[in-house]
Amino acid sequence: MTNRTNERAPLVLIVGGGITGLKAALTLDDFEIPAVIVEKSGELGGKVRGYAKTFPDFRSGRALVSELVERVDATEKIRVLRHCTVSGVRTEGDLYRVHLSDGTSLGVHAVILAFGFEPFDATRQEEYGYGVYPNVIAAQELEALLDPLGPTKGRLLRPSDGKPVRKAAIIFCVGSRSKRTDSPYCSRICCSYSTKQAIEIKEADPDAQVVCFYMDIRTYDRGVEEMHQYAREIGVKYIRGRVSDCSPLPDGDILVRAENTLLGKPVQGVFDLVSLSVGMMPSPDTAGLAEMLGIELGTDGFFVSADGGLSPHDTAREGIFLAGAVTGLKPIRDCILEGTSAGGRVAAYLRRRRG
Amino acid sequence: MQRISGGAGDELRVLFFVMTENREKTPGSIDYGWRHQGRPVLLPEDRIVVIDDSSHMLEKALQELSMQYYFLDRCHQCGICTEACPHTNLKNADRFSPRVFIQKARLGLIDLAGGELWSCTTCGSCLQACPYEVPLVEIIVSLRNLVVEQGAGYIPPSFKAVLASLAASGNPWREDPDRRADWFNELAPREGSLPGSPEILLFAGCFPSYDSRGRSIARAAGHILQEAGIGFGILGSEEQCCGDSALKIGDLKTFKRLRNSNLQALQARHADRIYTLAPHCSHVMKTRYAYGRDDAAAVKPFLLLLHELVAGGRLPLGEVKSARAVFHDPCYLSKYEGITKEPREILARIPGLETVEMAHNGKRSLCCGGGGGGFWLDALKGERLAEIRLDEAVEAGADMLVTACPYCLAMFEASRAGDGRWASLEILDIGELVLRSLAEKPGM
């Protein structure tokens, strides 16, 4: 179905039905501008839908998503196309003709790219044994283990034998701040989410040992540093030293070795479970869409906005906008912010363009 | 993978240091005779750290050594190198730490009269681990160069002797250069082997040429090539030390002298294919001799030729009975060249041989301690990297420790001698093992 028949009404395409896309759509709705959300999976809400608790106040990500989806359902002007992706884009007069994977096409006046990021593939840091040792997991998997609606109903049981985890290690900066893995950047939220996870483990089992191996602790932003201090007060241990390797022990335990750089002495520990706090990678759809739309990526593989940062949602191509983690991983509150401001920006753009 | 490669020109231009003739000793302080802008520079270890001009002195020196200034500051002190470094396995309190070394270097706190500059074996584990590509090994070698060529500190006495011998005789033991080809001349000529232009040139190296244990490695290689019907030649008395040790100890001048002499001899031979018994030799020749720019003239470790012959079925291998072998990956094969599969494929083809692996294998091999001058460092018993590796071999259940580097072999033999802990372990070069297998073939 196309909207050829009603070209006077503007239409915005939002690629990605996560929290950023949802908030952008809701903002546009405040301006009475219709939007179509194209979501590649069967569900709205993106990654936040899978977070039982978010930092810094441990509110439910799932509940946040439900609230947004409810509001979207309550509108008339927002359409959602699930299991749908963008397969081609052409200009057509003053429209973009967007072809979708379900065979239909849309004539839109603006596009907001809001399809998020991809977590770093931890198999690329071989010395940690991810994908080889069952009890070395990545942060997303720890999240699922801590989730009351997850596979273990929120009990922290380790993969190899289901044993309750009494000693957990969390390794920071996996796939971040390393030229070796082509990810020299900092992924911004890992220190924060790791601290949140450490607190969850400790609160569920105060006798558990949780050790975080870090380079720096970047728990910035409102309420987050306070969360970090709380973590220390309930006994989460922080050791400064980047882990050099994990090795398996006979019963599934993992030996973690690092240098305690503040003491200048090597440190090692045996843990039931090791969680790798993975950083960000660009979404796999980024390169394809960048080419399709003829817009630039930064050296880190994420989209760059135009105008030297003064127009954070604009790209070099008129009518194509950016919001959320497509320009780099950021906290939920920043995604909500960007969804809101992108909606406003697009509304202003459409008003100026169409009089 | 960080490689040790020449900086922009091998020349040193150190503008910031002025060596004074008179070294005045003021009571209560150590004066190395260093002056920076006319003022004495003190580098005692327990000095309170004051960030002043002298703190940046070493960084500026490195800058003058054509290294990029920020290499030291690039380090985030994350510590991943220290755990990767084999020295972390030693128990002595003053054991080497790459991270601490960098921290001290950038604050001007390296005690140039002390030993910490000399512990590094250049194994390259830190280079593999560093997330910021800090060229640790190159920094250490450059600082050693400062000390050796500028006389700006302490050189272990054993190193002085070696450098002097290399300069004088082209080998580290003041051996007669004319005796370098003795092992080759003692090889019984095979029927049908022709003089004239041989297929390959074998660069034997110092240890296999002169040392009685080492000669067995050279002879094994020789017999294997004869068995495979490959004509080979050596430089003989024209062969000098490849210069790798001189380079890594910091004596650039001696290295260049050896290099130029070898290059002349090699070019006069028009050698198309050169194989070295020691991975150190092939690595330095490939990276610092300007060889290897085109494949035909590439220098390669002999291990690769051995692999070619074994995998190609050109050697009739017989059964080596009741032996459980473990392969120790030399750092200059595994870490610098990525060669880890080939030696294992060779062992797999030896009938009857059981193989096991040590905890640290392949690119994560634990250094024997021989590189970077370690061969001559005379570490104390209980402070030797080779001992840790020997323990690992025994733990893996092996009765045969096989390697493909004469340095490694020598380090293991030296540590093993007279110590019952590893009496059950036989130490072999992979060529010696293949030769043994050849000898077991009926009709050989």
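The values are calculated or read from the model by the stated rules, or taken from the named source; none is laboratory data. As the structure is a prediction and not an experimental result, all values here were calculated from the model. Heads up, the Cβs are rebuilt from the backbone with ideal geometry, glycines too, and the neighbour counts pull from every protein chain shown.
Of note:
- Selection from region A:245-277 of residues that are facing another protein chain (nearest Cβ under 9 Å), of a type outside the set (A, V, I, L, M, F, W, C) and crowded, with 24+ Cβ neighbours inside 10 Å: A:259
- Scanning region B:113-163 for residues that are away from chain A (no Cβ under 14 Å) and among the aromatic types (Phe, Trp, Tyr) turns up B:118, B:154, B:159.
- Of the criteria (1) within 11 Å of chain B (Cβ to nearest Cβ); (2) touching a residue at least 24 places away in the same chain (Cβ under 8 Å); (3) within 14 Å of residue A:168 (Cα to Cα); (4) touching a Cys at 6+ places or on another chain (Cβ under 8 Å), which one residue A:242 fails: (3)
- Inside region B:376-407, residues that are surrounded by 24 or more Cβ atoms within 10 Å (Cβ to Cβ), out of contact with any Gly (no Cβ under 6 Å at 6 or more places or on another chain) and under 29 Å from residue B:171 (Cβ atoms) make up a count of 6.
- Of all residues in region B:81-118, those satisfying the criterion of being under 20 Å from residue B:405 (Cβ atoms), under 19 Å from the mean Cα position of the chain (by Cα) and in contact (Cβ under 8 Å) with a residue 60 or more places away in the chain are B:86, B:87.
- If you go through region A:122-167 and keep only what is part of a loop (DSSP other than H, G, I, E, B), in contact with a Lys or Arg (Cβ under 9 Å, 6 or more places away or on another chain) and charged (D, E, K, R), you end up with just A:147.
- Residues that are polar (S, T, N, Q) and surrounded by 24 or more Cβ atoms within 10 Å (Cβ to Cβ), drawn from region B:268-290: B:276, B:282
- Looking at region B:241-319, the helices (runs of 4 or more DSSP H) lying wholly inside it that each contain 3 or more residues that are more than 25 Å from residue B:408 (Cα to Cα) sit at B:252-269.
- The lone exception for residue A:125 - which of (1) crowded, with 21+ Cβ neighbours inside 10 Å; (2) at pLDDT 95 or above it fails: (2)
- Just so you know, in region B:84-110 the residues that are within 8 Å of chain A (Cβ to nearest Cβ) and within 14 Å of residue B:136 (Cα to Cα) include one that is surrounded by the fewest Cβ atoms within 10 Å (Cβ to Cβ), and it is B:100.
- If only residues of region A:165-191 that are more than 10 Å from every other protein chain (Cβ to nearest Cβ) and among the small types (Gly, Ala, Ser) are counted, the one that is nearest to residue A:258 (Cα to Cα) is A:169.
- Boolean, residue B:357 is under 21 Å from residue B:389 (Cα atoms) and of a type in the set (D, E, K, R): yes
- Any hit, region A:154-176, residues being farther than 18 Å from residue A:214 by Cα, in contact (Cβ under 8 Å) with a residue 40 or more places away in the chain and of a type in the set (Gly, Ala, Ser): yes
- Residues (within 14 Å of chain B (Cβ to nearest Cβ), in contact (Cβ under 8 Å) with a residue 40 or more places away in the chain and out of contact with any His (no Cβ under 9 Å at 6 or more places or on another chain)) located in region A:213-239: A:213, A:214
- Filtered by the rule that a residue be of a type outside the set (Gly, Ala, Ser), surrounded by 15 or more Cβ atoms within 10 Å (Cβ to Cβ) and either within 14 Å of chain B (Cβ to nearest Cβ) or within 17 Å of the chain's Cα centre (by Cα) (or both), region A:278-308 gives A:278, A:280, A:281, A:282, A:285, A:286, A:300, A:302, A:303.
- Hits in region B:261-286 - residues which are polar (S, T, N, Q) and over 14 Å from residue B:235 (Cα atoms): B:282
- Residue within region A:331-348 that is acidic (Asp, Glu) and surrounded by fewer than 16 Cβ atoms within 10 Å (Cβ to Cβ) present: no
- Any hit, region B:202-213, residues being touching a residue at least 40 places away in the same chain (Cβ under 8 Å), buried (at least 23 other Cβ atoms within 10 Å of the Cβ) and part of a helix (DSSP H, G or I): yes
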